[in-house]
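Asks: This is the structure I want to talk about, given as structure tokens.
The values are calculated or read from the model by the stated rules, or taken from the named source; none is laboratory data. Bear in mind the structure is a predicted one, so any value in this text is a computation, not a measurement. Cβ placement follows ideal geometry from the backbone for every residue including glycine, while neighbour counts extend to all protein chains displayed. Ligands, DNA and RNA are excluded from the accessible area calculation, which covers all protein heavy atoms including side chains. Shrake-Rupley method; radii C 1.70, N 1.55, O 1.52, S 1.80 Å.
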Amino acid sequence: DQVILPKLASGLCAFGQNWEGANDAALAYIASREEEHRVQAYAISVSSLFHMGAVDLAVQTARGMLGYPYDAESAYALRDLKNNLAQTSNPAALPLAETEHPLIVAALQQGTPLKAVHGDAVIGLGALYESAMQLAFLDRYAGNDEAAAAAFADVQTALPAAATLTAEDHLRIDGAARRYQLLGMHLPDLKILRALQSPAAR
């Protein structure tokens with residue numbers, strides 16, 4: 001049954017770490033041209049490919065997923081992939097974040113949590129904001145301060161005043177903005193008042 005393939009693949013990932021089997025199941029669903037769980041199947045394939053070490057193919061598959069309506073499933077998959085790429089210092093994180101940027105900003109502008117087109121997945125505005133901010137961070141790390149400032153401004157102004165924000169959303173948004181604003185700042189000089197070990201202790 002093609003409809004259960006994404007759920008089967010998800011179970012394979014979670015419990016058996018059988019990434020190859022999960023990817024095969026996801027690709028079979030995509031090839032079936034069924035629409036209901038297509039983005040979820042893409043998301044499973046992206047995660048599986050990354051864990052299998054096929055990073056370039058994971059990025060290519062993620063770009064293919066962006067050809068479909070941007071929803072909670074694709075937002076989660078892209079957030080995780082960008083995080084994984086950044087943690088491994090893979091330069092593909094930046095162009096992928098650039099491609100997603102207008103889609104994630106448009107989602108923030110709706111002012112409500114982003115839902116999956118098919119299924120129950122929902123990503124809150126705080127998590128969506130954090131994911132959108134990844135482009136600003138990546139631009140700063142790449143030394144492009146002007147592009148980083150533009151990305152930050154896009155994200156800052158995307159949320160409408162009437163946005164439905166939970167307490168957790170506020171914490172995530174404030175935390176991400178504060179971390180970005182701290183980039184490049186230096187700790188103040190600390191004057192030692194008394195050394196507890198010896199006068200020469202640091």
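Asks: Placing +1 on the Cβ of each Lys and Arg and -1 on the Cβ of each Asp and Glu in the chain, which of Leu27, Ala43, Met185 has its Cα farthest towards the positive end of the resulting dipole?
Replies: Met185
Asks: Against the longest principal axis of the chain, how steep is helix 145-158, in degrees 0 to 90 to the nearest 10, with axes from Cα atoms?
Replies: Its long axis makes an angle of about 70 degrees.
Asks: Heavy atoms only, probe 1.4 Å: what % of the accessible area of the chain goes to carbon and sulfur, would you let me know?
Replies: So the carbon and sulfur contribution to the accessible surface is 54 percent.
Asks: By how many nm would the segment from Tyr141 to Gln60 grow when fully extended, if each residue of separation counts as 0.36 nm and the alpha-carbon distance is taken off?
Replies: The span from Tyr141 to Gln60 would gain 26.9 nm if fully extended.
Asks: As a check on your grasp of the helix formula, calculate [θ] at 222 nm for the chain: sum -39500 (n - 2.57) over DSSP H runs of n ≥ 4, divide by the residue count, round to the nearest 500. Don't jump to the answer; show the numbers that get you there.
Replies: On the way: 9 runs with 125 residues, N = 202.
It lands at -20000 deg cm²/dmol.
Asks: When Cα Rg over 2.2 N^0.38 Å is calculated directly from the model, which label among (i) 1.23; (ii) 0.98; (iii) 1.08 fits?
Replies: Derived directly from the coordinates: (i).
Asks: Moving on to the next point. Report relative contact order for the stretch 64-151 in percent, whole number only (criteria: Cα-Cα under 8 Å, sequence separation at least 6).
Replies: Contact order relative to length: 28 percent.
Asks: Probe of 1.4 angstrom, ligands and nucleic acids ignored: what's the accessible area per residue over the chain, in square angstrom?
Replies: I get 57 Å² per residue for the chain.
Asks: Gap in Å between the Cα centre of the stretch 21-87 and the Cα centre of the stretch 153-186?
Replies: Between the Cα centres of the stretch 153-186 and the stretch 21-87 lies a distance of 27 Å.
Asks: Round to the nearest 10 and give me the degree value, 0 to 90, for the angle of helix 167-182's Cα axis relative to the longest principal axis of the chain.
Replies: Once rounded, one gets 60 degrees.
Asks: Taking the chain as the reference, fit the longest principal axis to its C-alpha atoms, fit the long axis of helix 72-87 to the helix C-alpha atoms, and give the angle between the two in degrees, 0 to 90, nearest 10.
Replies: Rounded to the nearest ten degrees, it is 50.
Asks: Which of the peptides 67-79, 150-162 is most tightly packed, and how do the rest follow, going by the mean number of other Cβ atoms within 10 Å of each residue? Walk me through the numbers before you get to the answer.
Replies: Details: 67-79: 20.5, 150-162: 16.0.
Ranking the peptides 67-79, 150-162 by packing returns 67-79, 150-162.
Asks: Choose one of Leu108, Val122, Leu138: the residue whose Cα lies farthest towards the positive end of the charge dipole of the chain (beta-carbon charges +1 Lys, Arg; -1 Asp, Glu; about the Cα centre).
Replies: Leu138
Asks: On to the next question. Based on Cβ point charges of +1 for Lys and Arg and -1 for Asp and Glu, what charge dipole magnitude is obtained for the stretch 20-108 about its Cα centre, in debye rounded to the nearest 20?
Replies: Approximately 200 debye in magnitude.
Asks: Suppose every K and R has +1 on its Cβ and every D and E has -1 on its Cβ; what is the size of the dipole of the chain about the Cα centre, in Debye to the nearest 20?
Replies: Computed charge dipole of the chain: roughly 820 debye.
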